[in-house]
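Engineer: Mind having a look at this structure? Questions to follow.
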Amino acid sequence: MEQYCPRCQEKTVTKSSNTSAARHAGLIGMLIAGAAASYTCPACGKILLGEFPDEFQSSVKRKRVFSVLGAAAILVVLVGLLMLRSSF
Ligand SMILES: [Zn+2]
């Protein structure tokens, strides 16, 4: 999804996240890193989420909720599998 920079209105921002840390932490780390990602404009630098229009902010927040829920669901499944294994 392309979003124009709220400061210069000329360039599109890029989402930046710490991918090397995410790779080490696996799928859950990837989800969390995606949720914590920041946005950068090539001309203005780092842009805070609060500077974007409300519509964009709410769509980002919605995605974050899904990421957290996804990570939680994976954890629940993993714990469930471990408990099943240990009961046999
Ligand atoms: Zn800009």
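The values are calculated or read from the model by the stated rules, or taken from the named source; none is laboratory data. All values derive from a computational prediction rather than experimental measurement. Here the Cβ positions follow ideal geometry from the backbone for every residue, glycine too, while neighbour counts run over all protein chains shown.
Engineer: Checking the structure you have, find out if any residue of segment 41-49 is modelled with pLDDT of 75 or more, of a type outside the set (Gly, Ala, Ser) and away from the ligand (no atom under 16 Å from the Cβ).
Structural biologist: Just the residues of segment 41-49 that are modelled with pLDDT of 75 or more, to begin with: 41-49.
Checking which are of a type outside the set (Gly, Ala, Ser) leaves us with 41-42, 44, 46-49.
Those left that are additionally away from the ligand (no atom under 16 Å from the Cβ): none.
Looking through segment 41-49, none of the residues is modelled with pLDDT of 75 or more, of a type outside the set (Gly, Ala, Ser) and away from the ligand (no atom under 16 Å from the Cβ).
Engineer: Something else: So VAL77 passes all but one of these: (1) within 24 Å of CYS8 (Cβ to Cβ); (2) at pLDDT 95 or above. Which condition number does it fail?
Structural biologist: Among (1) within 24 Å of CYS8 (Cβ to Cβ); (2) at pLDDT 95 or above, VAL77 violates only (1).
Engineer: Let me ask you something else. List the pairs whose first member sits in segment 46-62 and is within 12 Å of VAL13 (Cβ to Cβ) and part of a strand (DSSP E or B), whose second member is within 16 Å of the ligand (Cβ to nearest atom) and of a type in the set (Val, Ile, Thr), and whose Cβ atoms are under 9 Å apart, counting only residues at least 6 apart or on separate chains?
Structural biologist: LYS46/THR40; ILE47/VAL13; ILE47/THR40
Engineer: Please work out if LYS15 is loosely packed, with under 13 Cβ neighbours inside 10 Å and either within 16 Å of the ligand (Cβ to nearest atom) or at pLDDT 95 or above (or both). Step through it out loud before you land on a result.
Structural biologist: Numbers: loosely packed, with under 13 Cβ neighbours inside 10 Å: yes; either within 16 Å of the ligand (Cβ to nearest atom) or at pLDDT 95 or above (or both): yes.
Here the answer is yes, as LYS15 does meet what is asked.
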